[in-house]
There are 2 protein chains.
Amino acid sequence: MTDRTRRDLIAAATALATSVTATGAYAAVPTRKAAFPPIVHHVFFWLKRPDSKEDLDKLLAGLRTLAGIDSVRGIHIGVPAQTEQRGVVDGSYSASELLFFDDVAGQNAYQVHPIHKQFVADCEHLWQRVVVYDVKGVVP
Amino acid sequence: MTDRTRRDLIAAATALATSVTATGAYAAVPTRKAAFPPIVHHVFFWLKRPDSKEDLDKLLAGLRTLAGIDSVRGIHIGVPAQTEQRGVVDGSYSASELLFFDDVAGQNAYQVHPIHKQFVADCEHLWQRVVVYDVKGVVP
């Protein structure tokens, strides 16, 4: 993100914050959903060896290559955040891959893209479990 | 997202795509992680009445109000996307709330913000299950 882009996002957030009515009326509140492409593809990985920094680094390095796929419009790669431990929070995974696409076709193209196939071939021996959530953004 | 911001993101994506080496060498590939604030808070909701459009609309309306919380830097609200049915894909949830924060402090501020508390008070009777994933982005 360029500084300018970041400022735009924060400026938009500020504008929206001031648009919330005192009564919290739902209908009047716009969303910042439009800040992102509509299709979210969020994948969580559980390593076979969750304590292996080497395996985690290898997985993260592999995940970073996915940025090179044309139809990927945004990418966030991460690990569990140190937020408050609450019963509803699942912090047991090893790595997170969050991708944005313009449409389902973009997600389909990603699935069969050579870079994605290479990532799977290089890294699938590292994980024991994968959970995927595909989300379609809703228009306010 | 302004048109300019969107163009910036797509331009960055294009630049990255061309930076992937023919050998797919991992180290040389930057990520577009920096396009987003580092902390991701992704919540999935399962409605008590998953077939009730009324309940879903109420939940989505409640989720949209979260855009009004100052520390929320980005928001994407959605429902399961119609992607290919694969064993690893969990499409059983009713609604998805994806938020971005600058830091864990921002996420903590969100948890206790009056708008968030109002959302929980108004909508918690609608859901039977919630799963939360908090992610911290990793620097390339």
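Run through the other copies and list how far each one's label point is from that of A:PRO50, in nm with one decimal, shortest first; the point sits 7 Å from Cα along Cα-Cβ. Nearest to farthest, the other copies are at 2.6 nm.
How much length, in nm to one decimal, is gained on full extension between B:GLN82 and B:ASP57, taken as 0.36 nm per residue of separation minus their Cα-Cα distance?
7.1 nm is the gain from fully extending B:GLN82 to B:ASP57.
Taken residue by residue and averaged, Cβ atoms of other chains lying within 10 Å of the Cβ of B:126-139 number 6. Shape of region B:36-136 from the C-alpha gyration tensor: oblate (a/c of 1.5 or more and a/b not above b/c, with a ≥ b ≥ c the square roots of its eigenvalues).
Note that region A:60-70 has calculated 3J(HN,Hα) couplings of 4, 4, x, 4, 4, 5, 5, 4, x, 7, 3 Hz, one per residue in order, obtained from phi through the Karplus relation 6.51 cos²θ - 1.76 cosθ + 1.60 (θ = phi - 60°); glycine and proline are x. Starting from the label point of A:GLU124 at 7 Å along Cα→Cβ, the same points in the other copies fall at 4.3 nm, in ascending order. Counting from the shortest, the label point at B:GLN82, 7 Å from Cα toward Cβ, is 4.5 nm from the same position in each remaining copy. Each residue of region B:123-139 is assigned a 3J(HN,Hα), and the resulting list reads 10, 5, 6, 7, 9, 9, 7, 9, 10, 10, 10, 10, 10, 10, x, 9, 7 Hz, derived from the Karplus form 6.51 cos²θ - 1.76 cosθ + 1.60 (θ = phi - 60°), x at Gly and Pro.
In percent, what relative contact order does region B:36-136 have, based on Cα pairs under 8 Å that are 6 or more apart in sequence?
Answer for region B:36-136 is 50 percent.
Going 7 Å from the Cα of B:VAL131 toward and past its Cβ, which residues in region A:41-65 have a backbone nitrogen under 16 Å from where you end up? Counting backbone N atoms under 16 Å from the label point, the list is A:41-47.
Read-outs: derived from the displayed coordinates by stated rules, not from any lab. Computed from a predicted model, the values in this text were never measured in an experiment. Quick reminder, even Gly has a Cβ in these numbers, built from the backbone with ideal geometry, and neighbours come from all protein chains shown.
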